[in-house]
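The structure appears right after this line, and notes come after that.
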Amino acid sequence: MPHILKIIFGVAALALGLSATALAQSDREVYEYAIKRAARICPAYSKENTPPVIKAAPVGALRVLEDRGYVICPDLRLEADVPAVWYGNVGVFVWNPKVDGAGEMIIAKVDAMTRSEAFPVEIVVWDKQGERLENQTVPKFEARPGASLPSKR
């Protein structure tokens, strides 16, 4: 019986070590990963508009997004009166970088949703002031060809 306990404790210690390694990622690495993931997935990614918005996010929020496989993307197709969307069906936050304040607003929504761990499965749309809108039509999110979308739900 003591041999079985050693194995169980060994497996538990290994699992704790692996999860601690994931958490040991530096803040800089978390930001770099989020930016690389956006570059890989987001069709409208650009070095000018995407990294500054992602770098404005709290690192804790980005850690939650990374853990869930979610991403933050720019999307120029969004209308000025509907500049931010959460595509709950695929785990993607989107904002229109041509709309003043939309980047800051989407980061505020990312922060709030990651703090509450409340990620609706439906599409959520916000106006320029960050107010949730109902019955809005938005373009379907489409990742870059060959990019895999988040799978953790």
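The values are calculated or read from the model by the stated rules, or taken from the named source; none is laboratory data. Because the structure is a prediction, the values reported are computed rather than measured. Counting neighbours? That spans all protein chains shown, and the Cβs are built from the backbone with ideal geometry, glycine included.
Some points to look at:
- Taken over region 28-63, the criterion of being among the small types (Gly, Ala, Ser) and either more than 12 Å from the chain's Cα centre (by Cα) or outside any helix (DSSP H, G or I) (or both) is satisfied by Ala39, Ala44, Ser46, Ala56, Ala57.
- Some residue of region 69-92 being of a type in the set (D, E, K, R), at pLDDT 95 or above and crowded, with 19+ Cβ neighbours inside 10 Å: yes
- Pairs where the first residue, in region 17-30, is of a type in the set (Asp, Glu) and the second is at pLDDT 85 or above and assigned to a helix (DSSP H, G or I), C-beta under 7 Å, 6+ apart: Asp27/Val59
- Any chance Ile123 is of a type in the set (A, V, I, L, M), at pLDDT 95 or above and closer than 22 Å to Asp27 by Cβ: no
- Total residues in region 107-118, condition at pLDDT below 95 and of a type in the set (A, V, I, L, M, F, W, C): 1
- Sole exception among (1) in a helix (DSSP H, G or I); (2) modelled with pLDDT under 95 for Gln25, by number: (1)
- Filter pass, Val124 being crowded, with 18+ Cβ neighbours inside 10 Å and touching a residue at least 40 places away in the same chain (Cβ under 8 Å): no
Here is a yes/no grid of residues against (1) part of a loop (DSSP other than H, G, I, E, B); (2) without any contact (Cβ under 8 Å) to a residue 24 or more places away in the chain; (3) of a type in the set (A, V, I, L, M, F, W, C):
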{"site": "Leu65", "(1), (2), (3)": "no, no, yes"}
{"site": "Cys73", "(1), (2), (3)": "no, no, yes"}
{"site": "Leu76", "(1), (2), (3)": "yes, no, yes"}
{"site": "Trp86", "(1), (2), (3)": "no, no, yes"}
{"site": "Pro97", "(1), (2), (3)": "yes, no, no"}
{"site": "Glu104", "(1), (2), (3)": "no, no, no"}
{"site": "Ala118", "(1), (2), (3)": "yes, yes, yes"}
